[in-house]
1. What number do you get for the stretch B:118-259 when its Cα radius of gyration is normalised by 2.2 N^0.38 Å, N = residues?
2. Averaged over peptide B:217-230, how many Cβ atoms belonging to another chain are found within 10 Å of each residue's Cβ?
3. Please state, rounded to one decimal and in Å, the Kirkwood hydrodynamic radius that the protein assembly as shown gives when every pair of distinct Cα atoms enters the mean of 1/r.
4. Note down the nm distance, to one decimal, between modelled labels 7 Å out along Cα→Cβ at A:L166 and at A:L149.
5. Treat every Asp and Glu Cβ in the stretch B:165-269 as -1 and every Lys and Arg Cβ as +1, leave all other atoms uncharged, and give the resulting dipole magnitude about the Cα centre to the nearest 20 debye.
6. For chain A, give the magnitude of the charge dipole about the Cα centre (Cβ charges: +1 Lys/Arg, -1 Asp/Glu; no others), in debye to the nearest 20.
7. Over the stretch B:188-273, what relative contact order in percent results from Cα pairs under 8 Å that are six or more residues apart?
8. So what's the back-of-envelope 222 nm ellipticity for the protein assembly as shown, counting only DSSP H runs of four-plus at -39500 (n - 2.57) apiece and dividing by all residues, rounded to 500?
Amino acid sequence: MRTGVAAGHRGFFHQSAFYGSDEEFLAVVTPFLADGLGAGEPTVVAFSPANEALIRAAFGNDSGLTYLEGEAQYQRPAGAIRGYREIMANLVARGATQIRIVGDVPHPGLGVPWEWWARYEALVNHAFAEFPLWGLCPYDTRTAPPEVLDQVRRTHPHLATPHGSLANPAFEDPREFLNRITPRWHDPLELTRPLFELRDPPAAAARDAVTQAGRATELSGADISGLVLAATEAITNAVLHGRPPVRVRIWAQPRRVVVAVTDHGTGPDNPFVGLIPARESDDGVGGLGLWLAHQMCSYVSLNRDSDGFTVRLIAETPHPQQSADGAHSGTG
Amino acid sequence: MPHSGSLGRHVCWAFDDPADFRLRAAQYLSEGMAGGARVIYIAKGDPELLLDDLSIVQGFRPAVASGAAQVMSIDSAYDAHATIDPAQQLQFYADATEQALADGHTGLRVAADTTSLVLTDANLDAFARYEHLADRYMVSHPLTALCAFDRDWLTAEQVAQLACMHPQASPEATQVRLYAAADAQIDVVLDGEIDMASHRLLHAALERADPAGQNSSITIDAMGVEFIDHEGVYVLSEYLSRRAATATVRCRPESSLAILIQLLSPPRLHLEIR
């Protein structure tokens, strides 16, 4: 039995809210959480430290809310989808008839590139559709850039306001949204000369180049392994599903390595590619390799332009002071 | 593998120039003789003429005279006109190894150019299966072998299919190796780099070595896998699925294999980080 405005709704009730102050934040989020606890529904919070502190102050530590560490949960969209699906499958198996989740989705206002989170917000309408989930995504209008707020309006079918829930007239079909958006994102390092530029390389040669670039940085062995694996998967896709020639460019800074794999094809037809495993998407061609890349890299961008289709893979280690306060370096 | 230096128990050597093979064979058999093994040199041609191939090996002719060394034409060591029977061929070398021990040698070492035995798909398939059987025998018996193949007669893919069944191979002969382990707890060892250039090779090697043929729960030592992609993990998984088997996979932390098993949770592969 579902409660609140999601009563009678089947599947994922995906709602956004906009706030410009702590008071507005609490005015939207507090009733959402209190009603969930009152109805005995699993009620999950995944906020950044500042917003979590507001909620803990309002509810106390023994409220029955489940707290997830927001930065860990929202480190990568493919990981967030995988993590939430596991949590929800367990809760449904234990009899949950509605699950409430509220969380801070990262954006450039928090120092994180937005493109893959825009794709996430559109895709979760599909990826969470099988669960009795009421998900609330509040966005801070003081920090989120206009482009982010615009795309949030296009990816959430419902809006929470102080006056109640509204159907969102700006919502677009997720597939159409994903096919329409043209990411403009480039890494600033791409303005410099690449450390390596390889044309139609055997995957092993590209791996050697990525490893060599990574070893000269402060990246961990695990980050370099993940980037090498992601680069191989992207090259394999370009060779098997794209059009030649395949160009691999690699840039490196002390804390970051960027790998761009470009082929002259148009890229995968499936707009959900990368964020959910191929076997769960509608068109599995080349999808699992890109999903793995999205699991392992600090950031992945998929870009179509006159050059063809480019997969950008980034491995990054945060500055020590940034890891302490939770901010990421500004690649957005 | 370095171009020079000591070669191990079971080596595949792909050569472009027969002189290169003769040099490797001479080095390999010399080391065998120095260690007290009986040695056999096998190639195509008349054994009397083949003796000249090893003229650089000091004391080789007297060793032939005393029975410590032998030179055989390929036709007398193998049935060169038929597809070999792997078990029967292994028996030939097992008997020869036992005989060497009975005659007071420390074991048997063979250097053979067996190119003419693998020139059809069926012959190559049978020979690659035999290579793994022989490799299993070698980990627990004093038989060592240098198996040489002439690149003039074989494609790079064919050379790789043979080389990948050896624990050691000449440079660039194969990017994958599947072989037997001396450790009885390990059913098979997998080494090398597995990507789109070697998925078919891994598939063929698994079918031919068939480590899960007798045992539905096996252990694979994959500590030497330098790289594997997700399709490579599926090749392993699908092999196990065809055998209704599962595998414990020993691998290094932070290796691509460990990362992929953790992310994909393939039901038949269990991770053991070493």
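Just so you know, all these numbers are worked out from the coordinates, no wet-lab data involved. Keep in mind that this is a model prediction, so the values were computed, not measured. Reconstructed Cβ throughout: ideal geometry from the backbone, glycine too, with neighbour counts over all protein chains shown.
1. Values: Rg = 14.4 Å, N = 142, 2.2 N^0.38 = 14.5 Å.
Cα-based Rg divided by the globular estimate yields 1.00.
2. Details: counts 0, 0, 0, 0, 0, 0, 0, 0, 0, 2, 8, 2, 9, 9.
Whole-number average of other-chain Cβ neighbours for B:217-230 is 2.
3. Numbers: mean 1/r = 0.0361 Å⁻¹.
One decimal place: 27.7 Å for the Kirkwood radius.
4. With each label point 7 Å from Cα toward Cβ, the separation is 1.4 nm.
5. Working: 8 positive and 14 negative charges, 70 e Å.
Here the stretch B:165-269 has a charge dipole of around 340 debye.
6. Values: 27 positive and 37 negative charges, 111 e Å.
Here chain A has a charge dipole of around 540 debye.
7. Working: 142 pairs, mean separation 27.1, N = 86.
32 percent.
8. On the way: 21 runs with 237 residues, N = 606.
So the calculated ellipticity at 222 nm is -12000 deg cm²/dmol.
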